[in-house]
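The values are calculated or read from the model by the stated rules, or taken from the named source; none is laboratory data. All figures in this text were calculated on a predicted structure; none of them were measured in a lab. Reconstructed Cβ throughout: ideal geometry from the backbone, glycine too, with neighbour counts over all protein chains shown. Remember, those area values only see protein heavy atoms, side chains included, never the ligands or the DNA or RNA. Shrake-Rupley method; radii C 1.70, N 1.55, O 1.52, S 1.80 Å.
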Amino acid sequence: MEKPFSQACENNKSPILSELKSFFTNVDNVLEVGSGTGQHSVHFAKHLPQLQWYTSDRLVNHHGIKQWLSEAQLANLHEPLELDLNDPWPVKQISAIYTANTLHIVSKALVERFFNGVEQHLAVQGRLCIYGPFKYHGHFTSESNQRFDEFLKQQDSQSGIRDFEWIQQLAASAGLTLVSDVAMPANNQLLLFKKCA
């Protein structure tokens, strides 16, 4: 079976990495929530060898992730953990959490559960990175994002591009402070948070 491939991951991995290199200073380990195909994990673990990178996703995606990991053979890249936002997380404490293109796919309730998990498992002074499209003051940043939001809601009425202000509010409730909101290619953003308490 061919390993899964995402062109979007291929396109955005280098711009994201350039931000992670500086933001993940003093980070020992990273939990990637929703590793998808596994492409990001391989690229980031390869270029950030000082980090232990833990992949995670629902079981349905594990086979594809394992194919990418098996081919890469990186000592700091770990087999996928089973993580469903409906269930308790399979980690105790982690110094950084990374997730890409997940919050607009899951329901609003699961976005809230994601931040509950972050609050429980991210260490003090830990880092949170969220990549994806967002709305600002209720407005899309591009027509293509608006069309994408319509497409998402046709597939699942509970999904959709989230309001930046709501995400920031959830983060603040979890003890996180926004460090930076970085504009990325293809009308996406990288939100960088630090846990202060």
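Filtered by the rule that a residue be open to solvent by 20 Å² or more (accessible area, probe 1.4 Å), touching a residue at least 12 places away in the same chain (Cβ under 8 Å) and on the phi < 0 side of the Ramachandran plot, the stretch 22-41 gives D28, N29, T37. Report yes if K13 is of a type in the set (K, R) and open to solvent by less than 50 Å² (accessible area, probe 1.4 Å), otherwise no. Judged against the criteria, K13 is a match. Of all residues in the stretch 147-165, which are open to solvent by less than 50 Å² (accessible area, probe 1.4 Å), of a type in the set (A, V, I, L, M, F, W, C) and out of contact with any strand residue (DSSP E or B) (no Cβ under 9 Å at 6 or more places or on another chain)? Answer for the stretch 147-165, where residues must be open to solvent by less than 50 Å² (accessible area, probe 1.4 Å), of a type in the set (A, V, I, L, M, F, W, C) and out of contact with any strand residue (DSSP E or B) (no Cβ under 9 Å at 6 or more places or on another chain): just L152.
Of all the numbered requirements in (1) closer than 16 Å to V27 by Cα; (2) open to solvent by 50 Å² or more (accessible area, probe 1.4 Å), L128 misses one, and that requirement is (2).
Tell me, yes or no, whether the stretch 22-33 has at least one residue that is part of a helix (DSSP H, G or I), at pLDDT 95 or above and under 20 Å from R127 (Cα atoms). Yes. Considering the conditions (1) among the hydrophobic types (A, V, I, L, M, F, W, C); (2) touching a Phe, Trp or Tyr at 6+ places or on another chain (Cβ under 7 Å); (3) open to solvent by 10 Å² or more (accessible area, probe 1.4 Å), V182 is excluded by exactly one of them, (2). Taken over the stretch 53-65, residues that are outside any strand (DSSP E or B) and closer than 24 Å to G117 by Cα amount to 6.
Taking every residue in the stretch 170-197 that is at positive phi and pairing it with any residue that is of a type in the set (D, E, K, R) and open to solvent by less than 60 Å² (accessible area, probe 1.4 Å), at least 6 positions away or on another chain, the pairs with Cβ-Cβ distances below 9 Å are G175/K195. Residues satisfying the criterion are present in the stretch 94-109 (criterion: within 20 Å of R127 (Cα to Cα), more than 12 Å from the chain's Cα centre (by Cα) and open to solvent by 20 Å² or more (accessible area, probe 1.4 Å)).
Quick check on L83: is it crowded, with 20+ Cβ neighbours inside 10 Å, aliphatic (A, V, I, L, M) and more than 16 Å from the chain's Cα centre (by Cα)? Spelling it out, it is not the case that L83 is crowded, with 20+ Cβ neighbours inside 10 Å, aliphatic (A, V, I, L, M) and more than 16 Å from the chain's Cα centre (by Cα). Within the option set L59, L48, L77, being more than 30 Å from D163 (Cβ to Cβ) and open to solvent by 40 Å² or more (accessible area, probe 1.4 Å) holds for one residue only, L59.
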